Amino acid sequence: MKKIIFLLILVILLFFSSGQTYEQQSLIPFFEDFLTSKPLENQLKKIEIPYWGHTISVEERGYFHFVEFIIRKSAHFFLFGLAALGFYAILPKKRFRFSLAILCTLILAIVDEYHQQLTGGRTPSGQDVFLDMCGALTFLSVYICIKWIRQKIR
């Protein structure tokens, strides 16, 4: 039951987040107040990330927008990785459990992006679905590897 509640809370968090406009969830004001010294700025200036035909960088967007971009995309990876683990935990221990957990996570990612499309000032992104699935595959693969190693040690 705890696993189902965890997954429900995560799904509610995702849909609450994707239902907010960019302005409602912007981290820029927080960063401007608390990262006044712009930590790691010199290191971050060396990074350029291709995204939707644009290059995202400190030079292109500014320090605070670049840090926010990194955090937002990391959240996609992390939250959908957790969602995949949640689905895996609640599915019956059958042969296709891994694949079903990935499929459920993919459906959630697509629905989440569609929900963003219905929200003002947000744009759905196939690249975000891809990033979500990378998180799901990474988290599940690491979990299964750790589980396998622990079984071999015993």
Among Gly81, Phe30, Gly121, whose Cα projects farthest towards the positive end of the dipole of the chain, with charges put on the beta-carbon of Lys, Arg (+1) and Asp, Glu (-1)? Gly81
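May I ask you to compute the full-extension gain from Ser125 to Asp33, defined as 0.36 nm times their residue separation minus their alpha-carbon distance, rounded to one decimal in nm?
Values: separation 92, 0.36 × 92 = 33.12 nm, distance 2.97 nm.
Taking Ser125 through Asp33 to full extension adds about 30.2 nm, to one decimal.
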At 0.36 nm per residue, and after removing the present C-alpha to C-alpha distance, how many nm does the segment from Lys46 to Ile5 gain when stretched out fully? 10.6 nm
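If I stretch the segment between Ser99 and Tyr22 completely, what's the gain in nm (0.36 nm per residue apart, minus their alpha carbon distance), one decimal?
24.4 nm
Could you line up His115, His54 from fewest to most neighbouring Cβ atoms inside 10 Å? It would help to have the intermediate numbers written out before the result.
Working: His115 16, His54 10.
So the residues, fewest neighbours to most, are His54, His115.
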Sequence-distant residues sharing a close amide H with Tyr51 (under 5 Å, placed H): Ile56
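Is there a quick way to get the dipole size of the chain? I mean about its Cα centre, with the Cβ of Lys and Arg at +1 and of Asp and Glu at -1; what is the value in debye to the nearest 20? Before the final figure, lay out the partial values.
Values: 17 positive and 12 negative charges, 291 e Å.
My answer is approximately 1400 debye.
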The chain, relative contact order in percent, only Cα pairs under 8 angstrom and at least six apart counted: 29 percent
Arranged from highest to lowest average of other beta-carbon atoms within 10 Å per residue, in what order do the peptides 37-50, 12-25 appear? 12-25, 37-50
Which value at 222 nm does the chain reach when only helices count, each DSSP H run of 4 or more adding -39,500 (n - 2.57), with the total divided by all residues and rounded to the nearest 500 deg cm²/dmol? -23500 deg cm²/dmol
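Short version: what are the Cα gyration tensor semi-axes of region 2-153, square root of 5 times each eigenvalue, largest first, in whole Å?
Over the Cα atoms of region 2-153, the ellipsoid semi-axes are 31, 19, 14 Å.
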Using a Förster distance of 30 Å, how high is the FRET efficiency between Ile144 and Arg61, based on the Cβ-Cβ distance and rounded to 0.05? 0.20
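Only the coordinates and a few stated rules stand behind these numbers; no lab work does. Note that this is a predicted model, so its numbers are computed, not measured. Cβ sites come from the backbone with ideal geometry, for glycine too, and all protein chains shown count toward neighbours.
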